[in-house]
Structures are given as C-alpha cells and as structure tokens.
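*Asks:* Before anything else, here's the structure in question.
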Amino acid sequence: MIPYPHIDPVIFKIGPFAARWYGMMYLLGFGAAYFLVRRQMLRAGEESAESRAFFEGLFVALVVGVIAGGRLGYVLFYNLSYYLHHPLEILATWRGGMSFHGGLAGALAAGWWYCRRHREPFLKWADRGAVVAPIGLGLGRIGNFINGELYGRPSSVPWAMVFPQGGAVPRHPSQLYEAALEGLFLFAVMWSVHDRDWPYGRKLALFLVGYGLVRIFVEFFREPDPQLGFIIGGAVTMGQLLSAALLAAGCLLWRGAGAQKKGGPTGPPQDTP
C-alpha cells in the first residue's frame, strides 16, 4: 500500500478568496487548449484578425458551455432528486459536482450555436477542440486526486491508497488511472492525427470512441457514486452508460463523415450554416 500524499486542496487564501488546485487545473486545461488550437490555426494559414477574433469568441462560448453543461449534467445524471428539493444548490458549483459528459454536451452545443451564428463549419472547429481536450481531462483527474474524491474501489494491489473520504479501506487510485488514460494516452492518440487531412468530424469521432472505451474500462476500478450505486441489474455505472452512448455516437459520426467524403467533392466537406 502507498500512503495517500494529503496535498492541501487550497493553494493560497486571501481573506474569503481561496485558490484551489482543482480550479487551477481547469485554468491550465483551458490555457493549453487555447494555445494548441491557435497552433493548428497558424499551421492552416488562418492568421487574419478576423479568424483570431472568431476563435476568441468561440473559446469564450466553449468555456461557458463546459462549465454550465458540466454542472447541469451532474444535476440531471447523478443527483437529480437532491437538486429537485434544493434548487438553489444548483448554483453552488464551489461545493463540487461536475460531469464530463454534461460538459462535453455543453461545449458541443455552445460551439454549434456560435459556429452557426458566424457561418463557420462546426465540425472543423469541433475536430480542433477534440484533439486537445484530453489535456484538460487529465489535469482535471489530477485535481480530483488532490481533493481525494472520485476514488477507486477497494483493492489489495501494492499501489492501493487509503483516501480520507473513503474510510480505512485501501482503494484503487482510479483518478490517476483516468489521468493516464483519458489524459496522456488519449492525447497521444489524438495529437498523432491532428494534422491529417480527414473529413470534418472524423477527429471528433475518434475522440468520442477513444474516451468512451477508456472511461468504460476505468469505471471497473472506480467506486460508483454513492447516491446512485450500480444501475441496470446492479452491474453498470452511470459513467459506463453515458460513455457507451458516446462510443455509439462516435462510431456513427465516423461512418457519416466517411460517407460525406466519399460522396461529396474532393477535400473535407463543409457544414451548411
């Protein structure tokens, strides 16, 4: 067994304001995404003031979509009964409760709306975002580890840890598994194809399939949310169910993007505004 490091979740505190590692991970993830999407734009020759202004507006919309969607996703998928009785608590994001699947849905909805408004091909920008999304995922899981939350199931493996919120039982450090698979591994896969001339939507599809697979796998080591437990015959977690939906959506999108390429003009197809 390895001792849990007990890192203070608060980096520093000034009066009522507290800077936390979890929030810092969000900032680092957003910053890395901004930098690497800008790099893709420069490589594509999109250096005009207009393209830069469009991306900056899109980036703001995506940040809002991630945060709002992540919170609403947690409310709807993981703890709806509680929030129906305490609706004002929905706004208390500082108390925790974010869902990746909801954040992804929020980002896609916000990106679609913004691209449609500015007559830009949504799937082109979705591909660019999907390539860099694993960085934020990996950093977020490290934030979960520092907070001692979303820990794994009881285990006797040599690297098991006793988490402060998980009782006296050694558990899988599943947050680190997720950081390695959803973060490092998935980013390596996505970045290896970032400059390939694929039809629009294929990189997003690859991300959905990749994330769906690794999340379903890691959920076998992660403790189910206590307010839900196992669902569907007592064997499946909510995370696995939602990730299976992403996996199916990714397979359909991959096939649809290929059909557009085959039946359309040469080069990546354009979305109609």
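*Asks:* Among the residues of the range 221-244, how many are touching a residue at least 60 places away in the same chain (Cβ under 8 Å), in a helix (DSSP H, G or I) and hydrophobic (A, V, I, L, M, F, W, C)?
*Replies:* Count: 2.
*Asks:* Of all residues in the range 193-243, which are β-branched (Val, Ile, Thr) and in contact with a Pro (Cβ under 8 Å, 6 or more places away or on another chain)?
*Replies:* Within the range 193-243, 237 is the sole residue that qualifies.
*Asks:* Here are 157, 162, 132: which of them is of a type in the set (A, V, I, L, M), in contact with a strand residue (DSSP E or B) (Cβ under 9 Å, 6 or more places away or on another chain) and modelled with pLDDT of 95 or more?
*Replies:* Details: 157 fails: in contact with a strand residue (DSSP E or B) (Cβ under 9 Å, 6 or more places away or on another chain); 132 fails: in contact with a strand residue (DSSP E or B) (Cβ under 9 Å, 6 or more places away or on another chain).
Only one candidate passes the filter, namely 162.
*Asks:* Please count how many residues of the range 161-213 are of a type outside the set (Phe, Trp, Tyr) and in a helix (DSSP H, G or I). Talk me through it step by step, then tell me what you get.
*Replies:* From the range 161-213, those of a type outside the set (Phe, Trp, Tyr) are 161-162, 164-176, 178-184, 186, 188-190, 192-197, 199, 201-206, 208-210, 212-213; that's our starting set.
Narrowing further to those that are in a helix (DSSP H, G or I): 174-176, 178-184, 186, 188-190, 202-206, 208-210, 212-213.
Of the residues in that region, 24 qualify.
*Asks:* Further question on the same structure: Tally up the residues in the range 67-118 that are at pLDDT below 90, assigned to a helix (DSSP H, G or I) and closer than 18 Å to residue 140 by Cβ, please.
*Replies:* 3
*Asks:* Name every residue in the range 109-119 that is closer than 15 Å to residue 62 by Cα and either surrounded by fewer than 20 Cβ atoms within 10 Å (Cβ to Cβ) or in contact with a strand residue (DSSP E or B) (Cβ under 8 Å, 6 or more places away or on another chain) (or both), in order of residue number.
*Replies:* Keep residues of the range 109-119 that are closer than 15 Å to residue 62 by Cα, which gives 109-118.
Answer for the range 109-119, where residues must be closer than 15 Å to residue 62 by Cα and either surrounded by fewer than 20 Cβ atoms within 10 Å (Cβ to Cβ) or in contact with a strand residue (DSSP E or B) (Cβ under 8 Å, 6 or more places away or on another chain) (or both): 109, 112, 113, 116, 117, 118.
To keep it simple, each residue is scored yes or no on (1) surrounded by fewer than 22 Cβ atoms within 10 Å (Cβ to Cβ); (2) among the small types (Gly, Ala, Ser).
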position: 204; (1), (2): no, no
position: 209; (1), (2): yes, no
position: 216; (1), (2): yes, no
position: 236; (1), (2): yes, no
position: 244; (1), (2): yes, yes
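*Asks:* Looking at residue 91, is it free of Cβ contacts under 8 Å to residues at least 12 places away in the same chain, of a type in the set (A, V, I, L, M, F, W, C), over 27 Å from residue 220 (Cα atoms) and in contact with a helix residue (DSSP H, G or I) (Cβ under 9 Å, 6 or more places away or on another chain)?
*Replies:* Working: free of Cβ contacts under 8 Å to residues at least 12 places away in the same chain: yes; of a type in the set (A, V, I, L, M, F, W, C): yes; over 27 Å from residue 220 (Cα atoms): yes; in contact with a helix residue (DSSP H, G or I) (Cβ under 9 Å, 6 or more places away or on another chain): yes.
Against the criterion (free of Cβ contacts under 8 Å to residues at least 12 places away in the same chain, of a type in the set (A, V, I, L, M, F, W, C), over 27 Å from residue 220 (Cα atoms) and in contact with a helix residue (DSSP H, G or I) (Cβ under 9 Å, 6 or more places away or on another chain)), residue 91 qualifies.
The values are calculated or read from the model by the stated rules, or taken from the named source; none is laboratory data. On a predicted model such as this, the values are computed, not experimentally measured, just so you know. Virtual Cβ from ideal backbone geometry, glycine too; neighbours counted across all protein chains shown.
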